[in-house]
Amino acid sequence: MDEVKEYEIDIFPDPEEPGCFCARVPDVPAIFTGGASSEEALRNAKEAITGYLEICVEDNLPVPEPTRC
């Protein structure tokens, strides 16, 4: 989904797991994921956004609008 590119994704070191990274999507607070590398955390966040948006469409739920700073 092209919509994934519009959402801000914050990647940061996992404070509880050295060497791992966390990813959060400020516009979709339900999405918090991570990975063994920043690249994996980013990939997991994009997959989570795609899944979340698909569920919103399937269940006729509101789709959160991405904000850009």
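Observations on the model:
- Restricting the trypsin sites (Lys or Arg not before Pro) of the chain to loop positions (DSSP other than H, G, I, E, B) with no more than 16 neighbouring Cβ atoms within 10 Å leaves ARG68.
- Given the alternatives (i) 1.05; (ii) 1.13; (iii) 2.79, Cα Rg over 2.2 N^0.38 Å as computed for this entry is given by (ii).
- Neighbourhood charge, 10 Å Cβ-Cβ cut-off, centred on THR67 and excluding it, Lys, Arg +1 and Asp, Glu -1: -3
- Net dipole in debye of the chain [+1 Lys, Arg Cβ; -1 Asp, Glu Cβ; about Cα centre; nearest 20]: 140 debye
- Taking GLU47, GLU39, GLU58 as the candidate residues, the one with maximal mean-square fluctuation in a Gaussian network model of the chain, Cα springs under 10 Å, is GLU58.
- Positive end of the dipole of the chain (Cβ unit charges, origin at the Cα centre): among VAL57, PRO29, ILE9, the Cα lying farthest that way belongs to ILE9.
- Working from label points 7 Å from Cα in the Cα-to-Cβ sense, the PHE12 to GLU39 distance is 2.4 nm.
Taken together, the values in this text are just the output of simple stated rules run on the coordinates, not laboratory data. What you are looking at is a predicted structure, and each value in this text was computed from that prediction instead of being measured. Methodologically, a virtual Cβ is constructed for each residue, glycine included, from the backbone with ideal geometry; neighbour enumeration extends over all protein chains shown.
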